[in-house]
Amino acid sequence: MAGGTPRTVSPQPEEMIALGEEMLKWLKEHPDTLHLSQWYSMEKHFLESQWETMIQRPEFIGYYEQAMRTVGLQYLNKNSNARDGISHRWQRVYFKDLRKSEDEDLKAQAELNKLSSNPVNEQHQKQIDSLLSQISMMQNQLRCQSDRNMANNSMSEDARSDCDTEE
C-alpha cells in the first residue's frame, strides 16, 4: 500500500510559510529559473495536485505571487534563456493583468469581426424597409383613428377629411 500525504492535503500553515520562504530563497540562488515547477516538482517532488492545493492556501499565496513575478522577470530580460516566442506565451501565465487585458482586447476584436462579417444583405434590407413601411402605415392609421374619434366628438369635418385623403 502506498504511504505518504494524500494528494489534496496541504502542509500545516507553519510549514507552508517555511516552504514559501524556502522557495523565494531557492529562486534567488537560481536566478535563471523559467518555471516554478523547477522548484516544486524537481526540487521538492510535489505532485501537481499538491501544488495546486498549496497555491490556494492563504499562508502561501503571498510567497507564490512573489515567486511568480520573480520568475516572470526572466521573460522580460532579453539576456535570459527565454526565447522571444515562448517569452510572450509565458508572460501571459505569469502576468495575469496582461492576460486579462489581452483577453479583453481579443474579445472586443472578435465582436467587431462578428459585426463586420455579418453585413445586412439586400434581401434582409428589403424586409427591414418593408417592416418599417408597415409600421409607419400603422402609426398613420392609428393617428387617423384618433383624429376621427376626436372629430366625432367635436364634429370637425377638417380632421376627418385629412385622414380620409391620406388612406
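Pull up segment 57-84, narrow it to residues that are part of a loop (DSSP other than H, G, I, E, B) and without any contact (Cβ under 8 Å) to a residue 24 or more places away in the chain, then point me to the one that is nearest to PHE95 (Cα to Cα). Only one residue fits best here, namely LEU76.
Per-residue answers, yes or no, for (1) modelled with pLDDT of 85 or more; (2) surrounded by 10 or more Cβ atoms within 10 Å (Cβ to Cβ); (3) part of a helix (DSSP H, G or I); (4) among the small types (Gly, Ala, Ser):
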position	(1), (2), (3), (4)
GLN127	yes, yes, yes, no
MET150	no, yes, yes, no
ASP158	no, no, yes, no
SER161	no, yes, yes, yes
ASP164	no, yes, yes, no
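Specify which of the listed residues (LEU142, LEU106) is under 28 Å from the mean Cα position of the chain (by Cα), at negative phi and assigned to a helix (DSSP H, G or I). Checking each option against the conditions leaves just LEU106. Filter segment 33-59 down to the residues that are exposed (fewer than 11 other Cβ atoms within 10 Å of the Cβ) and more than 29 Å from the chain's Cα centre (by Cα), then identify the one that is nearest to PRO13 (Cα to Cα). Among them, the one singled out is HIS45.
Whether a residue is of a type in the set (Gly, Ala, Ser) and modelled with pLDDT of 90 or more was assessed, and ALA82 does not pass this test.
The values are calculated or read from the model by the stated rules, or taken from the named source; none is laboratory data. Note that the structure is a prediction, hence the values are computed from the model and not measured. In this analysis, Cβ positions are derived from the backbone assuming ideal geometry, glycine residues included, and neighbour counts consider all displayed protein chains.
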